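J.: This structure is in structure tokens; I'll ask about it shortly.
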Amino acid sequence: MRYVRPLMDGRGAVRLFCANGSLTMSTPKKLYIKTYGCQMNVYDSERMAEAMGGEGYVQTDTPDDADMILLNTCHIREKAAEKVYSELGRYKGLKAEKPDLKIGVAGCVAQAEGQEIMRRQPMVDLVVGPQSYHRLPQLEAKARAGEKAVDTDFPEEDKFAHLKGRPKAKRGPTAFLTVQEGCDKFCAFCVVPYTRGAEVSRPSQRIMGEARDLVERGVREITLLGQNVNAYHGHEKGLGGLVRELATIDGLERIRFTTSHPNDMDDDLIAAHADCEKLMPYLHLPVQAGSDKILKRMNRSHTAEQYIRLIERLREARPDLHLSGDFIVGFPEETEQDFLDTMALIEEVKYGSAFSFKYSERPGTPAAERPQVPEDEKDDRLRRLQALLGQQQRDLQNAMVGREVSVLFEKKGRLPGQMIGKSEYLHAVHAVVENVEVGELAKVKIVASQSNSLTGELI
Ligand code: SAH
Ligand code: SF4
Ligand code: F3S
């Protein structure tokens, strides 16, 4: 008997249509995916789960009953990469109990280390890079046949065009949509250009199709993703053009995008912040450092002054814009004065939120070869930087009290009648509400500010 078309029936069983058209039922295999790193990995994990859904897998939220475990990994800092090996170590017992269990490593560690992963952890059956995961079903079949499977190519074909269409199941109100991948910037500290490859943009018609499909399935807010999302050129008018076209989709209420590079912020995209109502007033615009010497050594190709002028233009377009950023402290050769320049830039910009990191040496990148800042110096700078950023975040949150915001409710809270959602500025907002469903937008007055969220009342 030859099975030809596996389909999920939505209750966990797989319907298998035999070649003669008759129908049988079998228990589905279970896939456990653990995702590390950035939002692009979150999106990729969804797509990999969907691809494996076509092979008769359903997702499980525990590794204990899985037939396949897939770690979708991040290589950005040393700690992130090492986490993968300690996680793999935990599965030794499971693998011993269940020899049929297949273990795969996907994502940026897979790309950077390839076959080496199997040398360090022989129980790994499959390694797949971020640009070749459309081939996951074939790799899984190879692993089931007892062979080790590795694919870290940067294939010519567009993986998204080769992935199965997304299933029609109902979705939550927010979704990620990858529009651009890869990076040509080669910041001196960063592995992304090596793990994700060159900048590639997906054609806008495909993105429009995927966005319409998401909206039909209940999505109200889409966050466009790219390692350098504003370098998107799959639309004749760039990312601004894509945002405006997406805004014509009825039922899509909110659009966001991340992560942007200051040098790719063109006039049209800045203007979209003024004239496109669906584009939310929140922008993640990493600068990394405030000292021109360090910016140059980082190969960021802009000065602190140029970044600040850009923020001014963005705020002219959208005065209530909330900004977020990424910062690295202790980059090689960073002096106390360089660090103080970063603090001064932060004082000037005033961020609503930010991510900050100690510089981590990444083998193969130019900065790893340079004189390093001592660890205790890095710790001290990170502490001071985070204190300032934390204070700014609290100040901006406190300033929201008394203001009206619009909230897209995403889930129920723990208290009776409580719902949790996000404001247009990406603040988490709790409110006790009646007759409001998940996926609805409502006007809310902010009445209190907690450390990481706001409390509101329905207007
Ligand atoms: N493309 C995005 C960022 C991708 S990586 C951009 O250019 O902004 C996310 C963040 O990780 C970076 O912004 C940077 O702050 C941090 N990062 C990257 N490499 C790092 C390293 N070697 N050490 C510490 N932080 C790093
Ligand atoms: Fe990394 Fe720089 Fe590219 Fe961002 S722009 S992904 S930090 S190389
Ligand atoms: Fe990490 Fe790769 Fe994203 S290194 S931050 S998962 S692009």
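J.: Modelling each spin label as a point 7 Å along the Cα-to-Cβ direction, I'd like the E375/E277 distance in nm, to one decimal.
T.: 5.5 nm
J.: Sticking with this structure for a sec: Just for the chain, what percent of DSSP beta bridges are antiparallel, to the closest 5? Don't jump to the answer; show the numbers that get you there.
T.: On the way: 31 of 75 bridges.
Given both bridge residues lie in the chain, the antiparallel proportion sits at roughly 40 percent.
J.: Among A106, G56, L408, pick out the residue whose Cα is farthest towards the positive end of the charge dipole of the chain, where Lys and Arg carry +1 and Asp and Glu carry -1 on C-beta, about the Cα centre.
T.: Towards the positive end, the residue furthest out is G56.
J.: Which value in deg cm²/dmol, rounded to the nearest 500, describes the helix-derived mean residue ellipticity at 222 nm for the chain, given -39,500 (n - 2.57) per DSSP H run of n ≥ 4 and division by the residue count?
T.: About -10000 deg cm²/dmol.
J.: What whole number of Å gives the distance from the Cα centroid of the stretch 30-60 to the Cα centroid of the stretch 376-409?
T.: Cα centres, the stretch 376-409 to the stretch 30-60: 32 Å.
J.: I'd like the distance between the alpha-carbon centres of the stretch 220-258 and the stretch 313-373, rounded to an integer number of Å.
T.: Answer, in whole Å: 26.
J.: Give the shape of the chain as rounded, prolate or oblate, defined through the alpha-carbon gyration tensor: a ≥ b ≥ c are the square roots of its eigenvalues, a/c under 1.5 means rounded, and otherwise the shape is prolate if a/b is larger than b/c and oblate if not.
T.: On the way: a/c = 1.74, a/b = 1.26, b/c = 1.38.
It comes out oblate by the Cα gyration axes.
J.: Sequence gap at least 6, Cα distance under 8 Å: using those rules, report the relative contact order of the stretch 203-334 to the nearest whole percent. The partial results should precede the final answer.
T.: Working: 182 pairs, mean separation 28.8, N = 132.
That works out to 22 percent.
J.: Among 369-378, 70-79, what's the highest-first ranking by average C-beta atoms within 10 angstrom per residue? Write down the numbers at each step before the final one.
T.: Working: 369-378: 13.5, 70-79: 21.6.
Result, highest mean Cβ count within 10 Å first: 70-79, 369-378.
J.: How large is the accessible surface per residue of the stretch 274-385, computed with a 1.4 Å probe and reported in Å² as a whole number?
T.: 43 Å²
J.: Less than 15 Å Cβ to Cβ from G417, Lys/Arg counted +1 and Asp/Glu -1: what total charge do the surrounding residues give? Can you show the working numbers first?
T.: Working: positive: K411, K412, R414; negative: E434, E437, E440, E457.
Cβ neighbours under 15 Å give a net charge of -1.
J.: Got a number for the accessible area of M123? Probe 1.4 Å, square angstrom, nearest 10.
T.: 30 Å²
J.: How would you classify the stretch 275-334 from its alpha-carbon gyration tensor, with a ≥ b ≥ c the square roots of the eigenvalues: rounded for a/c under 1.5, else prolate if a/b is greater than b/c, otherwise oblate?
T.: Numbers: a/c = 3.40, a/b = 2.28, b/c = 1.49.
It comes out prolate by the Cα gyration axes.
J.: While we're here: Just name one of M118, M208, A175: the one whose Cα is farthest towards the positive end of the charge dipole of the stretch 84-232 (beta-carbon charges, Lys/Arg +1, Asp/Glu -1).
T.: Most positive-ward Cα: A175.
J.: Here is a further query. Of the options V192, L321, G129, report the single residue whose Cα projects farthest towards the positive end of the charge dipole of the chain (beta-carbon charges: Lys, Arg +1; Asp, Glu -1).
T.: My answer, from the dipole projection, is G129.
J.: Oh, and also: Give me the one-decimal nm value for the distance between modelled label points at R313 and Q386, 7 Å along each residue's Cα-to-Cβ direction.
T.: Output for this residue pair reads 3.4 nm.
J.: Find the relative contact order for the chain and round it to a whole percent, using C-alpha pairs within less than 8 Å whose residues are 6+ positions apart.
T.: Numbers: 909 pairs, mean separation 41.0, N = 459.
The normalised contact order for the chain reaches 9 percent.
J.: Is the stretch 100-190 rounded, prolate or oblate when judged by the Cα gyration tensor, a ≥ b ≥ c being the square roots of its eigenvalues, rounded requiring a/c under 1.5 and prolate requiring a/b larger than b/c?
T.: On the way: a/c = 1.90, a/b = 1.17, b/c = 1.63.
Note, shape of the stretch 100-190 comes out oblate.
J.: Placing unit charges on C-beta atoms (Lys and Arg positive, Asp and Glu negative, everything else neutral), compute the dipole magnitude of the chain about its Cα centre in debye, rounded to 20. Display every interim value, and only then the final one.
T.: Working: 64 positive and 69 negative charges, 310 e Å.
The calculated dipole for the chain is roughly 1480 debye.
J.: Sticking with this one: With charges set only on the Cβ (+1 for Lys and Arg, -1 for Asp and Glu), what does the dipole of the stretch 166-241 come to about its Cα centre, in debye to the nearest 20? Intermediate results must be reported in sequence, preceding the final value.
T.: Details: 12 positive and 8 negative charges, 78 e Å.
Dipole about the Cα centre, nearest 20: 380 debye.
J.: With every protein chain in place, what's the accessible area of L382 (1.4 Å probe, Å², nearest 10)?
T.: Spelled out: L382, probe radius 1.4 Å, area about 30 Å².
The values are calculated or read from the model by the stated rules, or taken from the named source; none is laboratory data. Since this is a predicted model, take the numbers as computed values, not measurements. Cβ sites come from the backbone with ideal geometry, for glycine too, and all protein chains shown count toward neighbours. The accessibility values were calculated without ligands, DNA or RNA, using every heavy atom of the protein model including side chains. Shrake-Rupley method; radii C 1.70, N 1.55, O 1.52, S 1.80 Å.
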